[in-house]
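Scroll down for the structure; my scribbles are underneath it.
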Amino acid sequence: SDHMENIYGYLMKYTNLVTGWQYRFFVLNNDAGLLEYFVNEQSRHLKPRGTLQLAGAVISPSDEDSHTFTVNAASGEQYKLRATDAKERQHWVSRLQICTQHHTEAIGKNNPPLKSRSFSLASQGSANSPGVQRRPSQNAVSFFNVGHHRLPTGKRVPIMQPDHLVDVREMMSQAEGQQRDLIRSIECLPVSGHLTSLDQDLLMLKATSMATMNCLNDCFHILQLQHASQQKGSLPAGTTINWLEPKISLANHFKNGAAQNFPAEINKPASVREEQSIAEPCQLTRVPEEINPDEELEDICDDKEDDLGAVEEQRSVILHLLSQLKLGMDLTRVVLPTFILEKRSLLEMYADFMSHPDLFIAITNGTTPEERMIRFVEYYLTSFHEGRKGAIAKKPYNPIIGETFHCSWRMPKSDVATDAGGNFSAHSASEQITFSKDLEGQTELDYYTVKFVAEQVSHHPPVSGFYAECAERKMCVNAHVWTKSKFLGMSIGVTMVGEGLLSLLEHGEEYTFSLPCAYARSILTVPWVELGGKVNINCAKTGYSASINFHTKPFYGGKLHRVTGEVKQNMTNTVVCRVQGEWNNVLEFTYSNGETKYVDLTKLSVTRKRVRPLEKQGPFESRRLWQHVTESLRDGDIDKATEHKRALEERQRNEERLRAETETPWCTKYFLKEGEGWVYHKPLWKTVSAVQTQQTDTN
């Protein structure tokens, strides 16, 4: 209570997408349990612009940065706030949490539980039955009678024993079954009429019942920890404590909007049991594995994502999901329905950006710094088209921590441009297949090899590292990307936070670059992908830079997928190349000498990547890890795909929780943390430098 003083001061409050962050004067009223804000301190004597009841609220520091935090009221209203520094945020968060706890406990003392308990849905009857006609004054929640058992008075609750924990688990399982029955009853309601499955009150009831079960699960976990900590003091050293895991997953009750049936462990498919039983990644070997390119075979998978059937069939599920999202909400921790997924991992999507290895290798063949910068821009702009699988916007799998992806490309040396004008090959599909078959018979000296490796190095925040190299041409690219997704109303925005570094060791040049934002538009009709934002490419040694703008379509008029850019010499501020067009169609490059070149991306040849067969892949390589999800999606079995996906995600959550409890840091396999970024453990620039040092010592 010593900390229950009223505090006040300026904080930044996120308002909306138009006005963004604005300074507001906040007052914490401890006596009333209110958080109020005003336009400024001078208007404090006026009526507050906004007020939040703190009883039952959740105060959450954000993982975006050290300044931001959110206040989530029990009513569903949310304030997203930002302090000037980490110390001030901690001051506000701690005071708000103390006030919240005080008033939440007070409500519990002043409101005894209800006398009876029943949990039933009113008889639905026929469509014309008076029992289902909804009166204007009748609330949807009045169809349900919800109560609780009252504990016998005068009895003292005993300390939880191990057997009692098992009893609690059984009771929670029963409660969860009743909650599933409730959800099933709501889902069985018609989609139109007086009382529908999309009724706002019923959607709120679904959300709050889910939140209640999640809170019970968290409380049960606290009891487990408490019991284990009590045992640690009395058990001899070396004793292993077996954690009591929930028998039923509480993380996801819904299977695309319908109630879940949770079969017993014995009835689960063997593949699901395998996914749940794979050992903790850090207990597996974390020694980097050298992949032999000769073991890789040309990829025959061609999963185009042009099927809209599942999305159209599950429109009500999307509506249900949208009803629980708020504008600007971070979607990093939101579990999205399975039917909107692509049949590949995000790590493999990054590899597909390298589908034009001839243009990548040709960068270092430029005879001047200016030509090399222009070639890099040409390669960069042609990489995004193949990164998308079809016109429909679907989401790749979120990689689990420790997941890796390996592949390579073989490129005939004769197909790599060496002349100043560039050589954009445009083989037809039949020519490309013939070329791939002929490639197998060529000697090693006839082609270049580009190797690629990606790893998910962090779960929260989700960060991926990827690296590619062509050792023969002494060139490599290293990048790390943190994907931040937000709900924007009728679209979803994904910001690619991070940086890439292209190293041309033959020339001693390094090119830094960033990635554009991506948007999934029209998520209620036919979702499609749009890129937006400004990216920069810089080479500090040569003084050349490029500025590229991906233009989003304006509300009225304008073209889709438009991109413009220019390459300039910074010291003279001279523009040496301009580019315009569409990043998924035709690009026009205009050079300082007046020449113009057109590149039709729809006709540009694509080199298939080479991947090891599934039986030779490790358990945490993307395709083997997600193989059962992918197979189920190909078969159109969304329910089965959801089950496999949930098993992987639940295992990841359990492992993350165990690492937090044992304070065990995660160990990466291929990438090392350097400053704010991640770097491949054996980049080509270190290898080449070591070889040159040895040669110098020998001489």
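Normalising by the residue count of region 7-108, find the relative contact order in percent from Cα pairs under 8 Å and 6+ residues apart.
On the way: 187 pairs, mean separation 23.0, N = 102.
Relative CO of region 7-108 lands at 23 percent.
Kindly give Rg over Rh for region 7-108, based on alpha-carbon atoms, with the Kirkwood expression for the hydrodynamic radius. Don't skip to the end; give the middle numbers.
Working: Rg = 13.0 Å, Rh = 13.7 Å.
My calculation puts Rg/Rh at 0.94.
Structure note, pairs LYS80/LYS484; LYS395/LYS451; LYS568/LYS609; LYS451/LYS541: Cα-Cα distances above 22 angstrom occur for LYS395/LYS451; LYS568/LYS609; LYS451/LYS541. Peptides 59-71, 475-487, ordered by how many other C-beta atoms sit within 10 Å of their residues on average, highest first, read 475-487, 59-71. Modelled spin labels at ASN217 and LYS559, positioned 7 Å past Cα toward Cβ, are 4.9 nm from each other. Here the label points at ASP635 and GLU595, each 7 Å from Cα along the C-beta direction, are separated by 5.5 nm in the simple model.
Only the coordinates and a few stated rules stand behind these numbers; no lab work does. This one's a predicted model, so the numbers in the text were calculated from it and none came from an experiment. Here Cβ is always computed from backbone atoms with ideal geometry, including for glycine, and neighbour counts include all displayed protein chains.
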